[in-house]
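Here the structure is laid out as structure tokens; the discussion comes afterwards.
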Amino acid sequence: MLAIIARTGESCPALVDVPEPEPPGEDEVLCRTLEVGICGTDREILESTKPRVPAGSQFLILGHESLARVEQVGPGVDSFCPGDLVSPMVRRPPTPHVRADMLAFGNFTERGIVEEHGFTPPFWLDRPEHLCKVDPRLRSVAILAEPVSVVEKAINEAVIIQTARLAEFCDDWTPRVLVTGMGPIAFAAILACRCRGWVVTVHGRDPRDSKRATTVGLWNADYVPMTEDVTDQFDVERDGFDLVLECTGNDRVMLSSARHLASCGVMAWLGSSRLPRSGEHDVSTLMRDAVLRNHVHLGSVNAARRDIIDALAHLGDAIERWPQAADAMITTRLDPKESLWHYQHREPQGIKAILDYGCE
Ligand code: BGC
């Protein structure tokens, strides 16, 4: 069966034939892939030419965003049945039931990213504790559960911090939100915030009449091109934001958006480059503002089960309340065999490209 892989020393992905999995053993679930999402992490793994291959393997099978259907369950599995839709969790802790998303590097594996094969083959085995059941009504958007969960985590962490430290001032933190970027994580951020009823502004590089800027409007969010974002009249407390979701991973964008953070605000960093390029930037304004305005800068990676549950609930809300906007998140559907170009390039106005395995 087909798999899309990354090999040491190569920046191009390859299609290879890999053996079908054995029937599921004790406490195992056999899953059939319905869809796989392509993301910036896949492209960075390839660009690095140093995939973290599983022990004993010559390559890493890619694919960490997956929607699958349970095909068969092994003895002892009573939480899933054949036919269930599932979204697998990416990160795996060394012992069950710890919050893997908070572990330090070296203490976990990640399917399709760190030392465990991913989900691009049409069949794969997993254990029930790594799978989340998906309501069949979410079939059209559930492939977005993983990227949305990554944003849900950052938001949930920010809410925990703000609720604790601002308890005296507000019972219910309702931030004015700035999202920077126009990729899949930025759109996941818009979705997660709009489903919470928060007012959202998006800063991006696209002109106002571009397809993606128009898609921002479908969420009833405001779009402001980055070139227009600072005016002389800008007053950070009156016009600024309480939560910045930084989704570009670009240090310049981060520094300039930090200047929009009102007092007691949180900046969550969701994007970063795996291959950081050094640059010289003046961070003294960022530091001064952080001190004088009690800012929190919050790094966030991966997601807990709590966040995947929120992602699935919000995807359900989104298809009811903003069906056109939710539909517009998946911009490209590909036959897996025709997908390799997308593992190295982004389409100019694309948001999420997915592999479609042609199953109902
Ligand atoms: C994935 C996360 C993962 C991170 C780091 C992201 O693309 O969405 O689940 O933890 O990469 O490897």
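The values are calculated or read from the model by the stated rules, or taken from the named source; none is laboratory data. Note that the structure is a prediction, hence the values are computed from the model and not measured. Reconstructed Cβ throughout: ideal geometry from the backbone, glycine too, with neighbour counts over all protein chains shown. Side chains included, ligands, DNA and RNA excluded: accessible areas come from the protein's heavy atoms. Shrake-Rupley method; radii C 1.70, N 1.55, O 1.52, S 1.80 Å.
A few notes on this one:
- Per-residue 3J(HN,Hα) values for region 120-132, derived from phi via the Karplus relation 6.51 cos²θ - 1.76 cosθ + 1.60 with θ = phi - 60°, read 6, x, x, 9, 7, 9, 8, 9, x, 5, 9, 10, 10 Hz in sequence order (x marks Gly and Pro).
- Kirkwood Rh (inverse of mean 1/r, distinct Cα pairs), region 169-262, angstrom: 13.4
- In the chain, the calculated helix contribution to ellipticity at 222 nm averages -7500 deg cm²/dmol per residue, counting -39,500 (n - 2.57) for every DSSP H run with n ≥ 4.
- Region 143-169 and region 184-243 have Cα centres lying 18 Å from one another.
- Binned Cα-Cα distance frequencies in region 85-124 - 5 Å width, integer %: 6, 22, 30, 22, 12, 7, 1
- Take every pair of alpha-carbon atoms less than 8 Å apart whose residues are at least six positions apart; their mean separation over the length of the chain yields a relative contact order of 19 percent.
- Based on alpha carbons, the Rg and Dmax found for region 1-56 are 13.7, 38 Å.
- Qualifying chymotrypsin sites (Phe, Trp or Tyr not before Pro) in region 179-239, DSSP loop, other Cβ atoms within 10 Å at most 16: F234
- Applying both filters, DSSP loop and at most 15 other Cβ atoms within 10 Å, to the GluC sites (Glu not before Pro) of region 1-95 gives E10, E26.
- For region 65-145, with all protein chains in place and a probe radius of 1.4 Å, 56% of the accessible heavy-atom surface sits on carbon or sulfur.
- For region 1-126, the convex hull spanned by the alpha carbon atoms encloses 114 Å³ per residue.
- Between region 63-83 and region 318-360, the C-alpha centres lie 23 angstrom from each other.
- Averaging over all projection directions, the Cα-based convex hull of region 82-234 occupies 13.1 nm² in the image plane.
- Summed over the residues of region 177-260 and divided among them, the accessible surface reaches 43 Å² per residue at a probe radius of 1.4 Å.
- Carbon plus sulfur fraction of accessible area for region 168-217, probe 1.4 Å, in percent: 50
- Considering only Cα atoms, the convex hull volume of region 57-162 works out to 133 Å³ per residue.
- Packing order of peptides 91-104, 328-341, highest average first: 328-341, 91-104 (average count of other Cβ atoms within 10 Å over each peptide's residues).
- Span-like helix ranges in the chain, DSSP H, alpha carbon extent 15 angstrom or more, Kyte mean at least -0.5: 145-165, 184-195, 305-321
- Within straight-line cross-link reach of K337, lysines at Cα separation under 24 Å, skipping those fewer than 8 residues along the same chain: K50, K352
- Principal axis dimensions, largest first and in whole angstrom, of the chain by Cα: 65, 43, 39
- Note on the chain: antiparallel DSSP beta bridges, both residues inside, total approximately 50 percent of the bridges counted.
- Probe 1.4 Å, accessible area per residue of region 1-131, Å²: 42
- Simple Cβ-charge dipole of region 20-167, Lys/Arg +1 and Asp/Glu -1, about Cα centre, in debye nearest 20: 460
- Hits among aspartates and glutamates - C-alpha to C-alpha of K133 under 14 Å, sequence gap 8 or more where chains match: E71, D78, D84, E146, D307, D310
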